[in-house]
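Working notes, structure below.
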Amino acid sequence: MSQFASVLSQLFPGLVPILAAALGGLATEYVGVLNIALEGLIMAGGFSYVAVGSAWGPEAGFVAALAVPAAIAWLQDLYARKARADAFVVGLSVNLLVPGLASLLSQLLFGTKGVVADPSLASARLPRLLPGLPVLGPLFGLQRLSDWLALSVAFLAAAVLAWTPFGLRARAAGMNPESLELAGVRPGRIRGQAYLLSGLACGASGAALAAAIGAWVPNLSAGRGWIALVAVYLGAKRLGGTLLASLAFALLLALANAAQALHSLPADLIAAAPFAVTAVVVVAGAFLRRAKRPAVPAGGGNRAGRPPA
C-alpha cells in the first residue's frame, strides 16, 4: 500500500471519534455553554462499552456506551444549574472524576487498573466498498462496523441540531433565553437536552475507540476531546465548519501516523504534531478574536444576554 493510500485508510477511523465528540461540543455551544467535559465523556463511553460488552456482548456494550455518558452529561448540567455552580469547573471535575472512577471499577470488575482486553469486543471489518476507485476505495475500504455506527450517531446529532425544532430552541436558549420563556419553554430543559445529546455523541466516540482495539485502555481518548473542542471553535461554532475542522484534524492524525514509518524523524515528535497544531490554533484564534473584537457600546451585552467579558 502506498503512503497516500495508507493515509486515506486511516482518515476515516480517525475522523469518526473527533467528529462525534465535536458535534457533542457543538450541541452545548448552541445553548451558550461550553461543555469542557468531552474528554471524560469519551472515556466513560469507552469503559462502558468494555465493561458491559464483556458480560452481555458488544451490542449491549454499544448501548451502554451511549447511555452512560449521556446520563453523566445530563447530571453534570443538572448539578451546575441547581447548585448554581460554574459549568466550566463542573466539566473539569468530570474530566478528573471519570478516569479515577473507571480505574476503580476496572479493579473491582477485572482485577486490574490497566488494560482490559476482550478480543470478542473488537469490531469486525466490513467488506471493501468501491474497491476500484483510487481515492474512495482506500478511504472507505475495510472500515469497522463500530466506526459506521458511531458515524450514524454523529449524523443523527447533526440532523437534530440542523433540522428539528430542538435545534432552533437550542440556538434561542443561547442567544435569548427570555424568548423561550415567553413561548412557554423552559431554557433549563433545553440546556439539559443539549447536554444529553452531547454525552450521547461522546459515548459513540468512546465506543468507536474501544471497539477498534477490543479493549479498554487508560487514557483511551488520548486528547481527542480537547481536539474536538478546538474543532468547534475553529469551525466558527457552525455545523459545516465543525465538520471541516474535524476533517482537518483527522488528516493531521493520519499524516502523523503515516510519518512514524520514517525512521529519520523522532516518533514522539511526530505523534505530538497534531496536538502542537491544536495549541497553535487555540492561541492564534484567541489573538485574532481579540484583534477583531468590535467596541461594545455602554450597556451592551453579548448574544446570550450576558455582560461582555
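Here, each number is a calculation from the coordinates, and none is a lab measurement. In this text, all values refer to a predicted model and were calculated from it rather than measured experimentally. All Cβ positions, even for glycine, are placed from backbone atoms using ideal geometry, and neighbour counts span all protein chains on display.
Rg/Rh for region 1-126 (Cα atoms only, Rh after Kirkwood) is 1.03. A simple rule links phi to the HN-Hα coupling: the Karplus curve 6.51 cos²θ - 1.76 cosθ + 1.60 with θ = phi - 60°, which for region 87-104 gives 4, 5, 5, 4, x, 4, 5, 4, 4, 7, 6, 4, x, x, 5, 5, 5, 5 Hz, with x for Gly and Pro.
For T164 and F88, the difference between the fully extended length at 0.36 nm per residue and the C-alpha to C-alpha distance is 24.6 nm. When peptides 56-65, 156-165 are sorted by average Cβ neighbour count within 10 Å, with the highest value leading, the order is 56-65, 156-165. Between L145 and N219, the distance separating the two model label sites (each 7 Å from Cα on the Cα→Cβ line) works out to 3.2 nm.
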